[in-house]
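The structure appears right after this line, and notes come after that.
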Amino acid sequence: MVREIEFNSHRKIIEDFRRASYGGTITHVLDEFDDVAHHFALFDKRDKVLGVTRVLRSDEVKQFEMMRESQLKDLVLPPAKLSLELSRACTIKGSAGIHLLSLCMGINDYAVKNNAEYLITKTGKHLLSLYQHFGFTTFGPPFVSDFFEDKRPIYPIMYRWTVVKREEPEEEEVLVW
């Protein structure tokens, strides 16, 4: 189950997950966005944390973390009443992506409940096809992140929720003789 957690009381867990997940490749384990972000954790049936992530809301921050990347200064987001940025998603090792998927599903529920129009994030090439399978599209060229030392290309991706109106079938006229 994915639940929102308070940053200060879960700071150690969040920091430990990020260190374990990113190793020495991340330049800042915690940053200035953590105090204003909405943090979420994936819990198992025994209340053990299996993963963590954070969400920034466009109605609460002036600029998303991704927009601070030096190579993305000119990247423009589509106009929306509410966009969310998902970042720093980390799960326990050996989960084969299932916990990441569960975290994303929980964030999807949060986004739908809050009427978000877009969810943006970034990913390495190794997870790009998984995100694309679930409807994400790239919205800018790959770039080298300022926040990681390994200099692998990162892809900015987004998901747009659309309301699908189901047409009610016309009632058939039945003649009874």
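Measuring r between the beta carbons of T137 and D31 and using R0 = 22 Å, the FRET efficiency lands at 0.25. Specify which labelled value, from [x] 1.20; [y] 1.29; [z] 1.09, agrees with Cα Rg over 2.2 N^0.38 Å derived from the coordinates of the model shown. Derived directly from the coordinates: [x]. When +1 charges are put on Lys and Arg Cβ atoms and -1 charges on Asp and Glu Cβ atoms, the dipole computed for the chain relative to its Cα centre reaches about 880 debye. For the cross-link pairs K48/K93; K125/K151; K62/K125, the ones whose C-alpha atoms lie over 19 Å apart are K62/K125.
Springs between Cα atoms under 10 Å define the GNM used for the chain, and in it the highest mean-square fluctuation of P79, P142, P156 occurs at P79. If only the Cβ of Lys and Arg carry +1 and only the Cβ of Asp and Glu carry -1, the dipole of the range 1-91 around its Cα centre is close to 300 debye.
I'd like the orientation of helix 7-22 relative to the chain: the angle between its Cα long axis and the longest Cα principal axis, in ° from 0 to 90, rounded to 10. It works out to around 80 degrees.
Throughout, read-outs are computed from the coordinates displayed, never taken from laboratory work. These numbers were taken from a predicted model, which means no experiment stands behind them. Positions of Cβ are backbone-derived with ideal geometry, glycine not excepted, and every protein chain shown enters the neighbour counts.
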